[in-house]
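Undergrad: Before I ask anything, let me first share the structure, which is written out below as structure tokens.
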Amino acid sequence: GVVRHLRQVEADEAGIDLAFRADVHAGLSQAQKAIPARWFYDAAGSALFEDITALPEYYPTRSETDLLKRHAAAIADAAGPGRAVVELGSGSSTKTPLLLEAIDPAAYVPVDISGDFLRASARALAARFPGLAIYPVEADFTQPVDLPREICALPKLGFFPGSTIGNMVARTAVDLLRSWRSALGEASLLLIGIDRIKDVDILERAYDDPAGVTAAFNLNLLERINRELDGTIPLENFTHRAVWNDVHSRIEMHLVAACDMSFCVDGRPYHMARGETIHSENSHKYGPRDANLLLRAGGWTPLATWDDADPAFALILAEA
Ligand code: AVI
């Protein structure tokens, strides 16, 4: 059952608000306007992301789930029973039961910034795995996190699905891998989802679906600014763009100004010219050698890769 809920969110509502405000003003003042993708995930944005994962064009969730199902036994063989599974950015935890069923862990520690999502999914998992000790930790997994002392002595398996690592530039991804290497300790393993480089059409369709769900997800960032930061951004003047950047090996999402316009955020004026964009997300894709190099740079040694999904996606098991 759910044992104890640890809360390690430094910033209260007011603190989050300050950080959002600071990122938006700094981002809108740059020559290439840009706002960090983490601000997508308010309640509306998190719900829209769940909708994205169900789209036929958005293959990563489907491919990764297939891999977990198909290779559960091999993953269990490699990990062995009795580990504490620590999931980074557990969100709604839909893939977790597949892993927990396969490897028979001693404890499960979901780490997520969204307390509501965390509580609901911990309760659902407790009902499904009544004998399992669950220690939810409400924290930002990109910052150093103190793990519950009850799991100190257990060998750990970090679980970082969804190719969320792809939303960071390499330097940040390496820092994150290193800090989790030291938090999880010697003898730990990491099971990480990495999206592969593939046909540009498949990639761009996955991030610009015909139903417009990804466009709504992108535009919700502007709605959030209007809602929370007293913004006057005319949403109808923006369109969604998802484009493959081959030099950086990533899909970029932008919000494109359809005409010249002026608006205010917090009473501060901004101007955008037609065609100018706000860069709102990077989603890096990795070939097999790139992914292994990224992991090694982050202090992890790749042990096994399962990547026979179509469209291609990889689950990599690495050791500390
Ligand atoms: C959460 N993250 C891994 C998603 C991705 O594919 O980069 C976010 C997303 N953005 C648009 N669609 C999905």
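The values are calculated or read from the model by the stated rules, or taken from the named source; none is laboratory data. Quantities reported herein were computed from a predicted structural model and do not represent experimental measurements. Neighbour counts run over all protein chains shown; Cβ positions are idealised from the backbone, glycine included. Keep in mind that these areas ignore ligands, DNA and RNA; they rest on the heavy atoms of the full protein, side chains included. Shrake-Rupley method; radii C 1.70, N 1.55, O 1.52, S 1.80 Å.
Undergrad: Please find, within the range 169-196, the residue that is surrounded by the most Cβ atoms within 10 Å (Cβ to Cβ) out of those that are within 14 Å of the ligand (Cβ to nearest atom) and part of a loop (DSSP other than H, G, I, E, B).
TA: Among those residues, the one meeting the criterion is ARG196.
Undergrad: Where residues in the range 197-213 are among the acidic types (Asp, Glu) and within 12 Å of the ligand (Cβ to nearest atom), which of them is farthest from LEU48 (Cα to Cα)?
TA: First, pick out the residues of the range 197-213 that are among the acidic types (Asp, Glu): 199, 201, 204, 208-209.
Restricting the remaining residues to those that are within 12 Å of the ligand (Cβ to nearest atom) gives 204, 208-209.
On the way: GLU204: 18, ASP208: 14, ASP209: 13 Å.
Per the criteria, the residue is GLU204.
Undergrad: Tally time: how many residues in the range 77-103 are closer than 26 Å to SER182 by Cβ and open to solvent by less than 40 Å² (accessible area, probe 1.4 Å)?
TA: Taking the range 77-103 and keeping what is closer than 26 Å to SER182 by Cβ, we get 78-91, 93, 95-96, 99-100, 103.
Filter once more, so that each one left must be open to solvent by less than 40 Å² (accessible area, probe 1.4 Å): 79-80, 82-91, 93, 95-96, 99-100, 103.
The qualifying residues number 18.
Each row is one residue, and each column tells you yes or no for (1) more than 17 Å from SER283 (Cα to Cα); (2) more than 18 Å from the chain's Cα centre (by Cα).
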{"site": "ASP42", "(1), (2)": "yes, no"}
{"site": "PRO56", "(1), (2)": "yes, yes"}
{"site": "ALA79", "(1), (2)": "yes, yes"}
{"site": "GLY82", "(1), (2)": "yes, yes"}
{"site": "GLY89", "(1), (2)": "no, no"}
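Undergrad: Right, here's the next one. Starting from the range 23-36, take each residue that is touching a residue at least 24 places away in the same chain (Cβ under 8 Å) and list its partners that are assigned to a helix (DSSP H, G or I) and surrounded by 14 or more Cβ atoms within 10 Å (Cβ to Cβ), counting only C-beta distances under 7 angstrom and pairs at least six apart or across chains.
TA: VAL24/ILE225; LYS33/GLY27; ALA34/GLY27; ILE35/ASP23; ILE35/VAL24; ILE35/GLY27; ILE35/LEU221
Undergrad: For the range 219-242, indicate whether the set of residues that are within 23 Å of LEU293 (Cβ to Cβ), more than 16 Å from the ligand (Cβ to nearest atom) and at pLDDT 95 or above is non-empty.
TA: To start, the set of residues in the range 219-242 that are within 23 Å of LEU293 (Cβ to Cβ) comprises none.
No, every residue in the range 219-242 fails to be within 23 Å of LEU293 (Cβ to Cβ), more than 16 Å from the ligand (Cβ to nearest atom) and at pLDDT 95 or above.
Undergrad: Residues of the range 48-76 being open to solvent by 30 Å² or more (accessible area, probe 1.4 Å) and touching a Ser or Thr at 6+ places or on another chain (Cβ under 7 Å), which ones?
TA: Within the range 48-76, GLU50, THR53 qualify.
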